[in-house]
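Some notes on the structure that comes next.
The values are calculated or read from the model by the stated rules, or taken from the named source; none is laboratory data. None of these values were measured; they are calculated from a predicted model. A quick note on method: Cβ atoms are made from the backbone with ideal geometry, for glycine too, and the neighbour counts reach across all protein chains shown.
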Amino acid sequence: MTIERNKIEQEFLEQAQKSIKKLLDELPQTDRISLSDMERVTGRMGQDMMQRALQSLAHIEQPPTPEEIWCKNCNRRMSSRGKRKKQVVTLRGEVEIERDYYVCPQCRKGFSPLNEPI
């Protein structure tokens with residue numbers, strides 16, 4: 001987990017630098033900057049950084065999926081359909097995650113291990 005934490009920390013630092021540069025680029029080219037301008041660009045920066053952080057955390061490597069996944073509906077072995085991307089709405093915005101996806105050949109129910117609590 002330490003290696004993963006270091007990787008995430010580095011990503012966050014890079015993202016913060018990009019957000020700060022974007023903030024500075026959006027400031028009006030004048031000697032006087034209004035409080036409204038400051039509030040607008042810092043609000044966007046905060047939102048941008050939050051979205052980037054959520055996206056990074058959503059892509060943390062998950063524990064390996066078991067070789068066999070069994071349907072909870074009809075108790076048959078499910079077939080892997082590979083990785084699928086999905087837009088997820090969170091309390092802080094929308095992020096895209098990629099997760100393993102399985103389908104039951106009998107009842108056609110879909111399942112992703114990421115939907116299960118860790």
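In this structure, is GLU26 among the acidic types (Asp, Glu), in contact with a strand residue (DSSP E or B) (Cβ under 6 Å, 6 or more places away or on another chain) and surrounded by fewer than 15 Cβ atoms within 10 Å (Cβ to Cβ)?
Values: among the acidic types (Asp, Glu): yes; in contact with a strand residue (DSSP E or B) (Cβ under 6 Å, 6 or more places away or on another chain): no; surrounded by fewer than 15 Cβ atoms within 10 Å (Cβ to Cβ): yes.
For GLU26, the condition - among the acidic types (Asp, Glu), in contact with a strand residue (DSSP E or B) (Cβ under 6 Å, 6 or more places away or on another chain) and surrounded by fewer than 15 Cβ atoms within 10 Å (Cβ to Cβ) - is not met.
Among the residues of the range 64-102, what is the count of those that are farther than 22 Å from ARG52 by Cβ and of a type outside the set (Phe, Trp, Tyr)?
Taking the range 64-102 first, the residues farther than 22 Å from ARG52 by Cβ are 64-82, 84, 100-102.
Still in the list and also of a type outside the set (Phe, Trp, Tyr): 64-69, 71-82, 84, 100.
Of the residues in that region, 20 qualify.
Listed here are the residues, each with its yes/no results for (1) exposed (fewer than 14 other Cβ atoms within 10 Å of the Cβ); (2) in a helix (DSSP H, G or I); (3) modelled with pLDDT of 85 or more; (4) in contact with a Lys or Arg (Cβ under 6 Å, 6 or more places away or on another chain).
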position: GLU4; (1), (2), (3), (4): yes, yes, no, no
position: GLU11; (1), (2), (3), (4): no, yes, no, no
position: GLU14; (1), (2), (3), (4): yes, yes, yes, no
position: ILE20; (1), (2), (3), (4): yes, yes, no, no
position: ASP31; (1), (2), (3), (4): yes, no, no, no
position: GLU39; (1), (2), (3), (4): yes, yes, yes, no
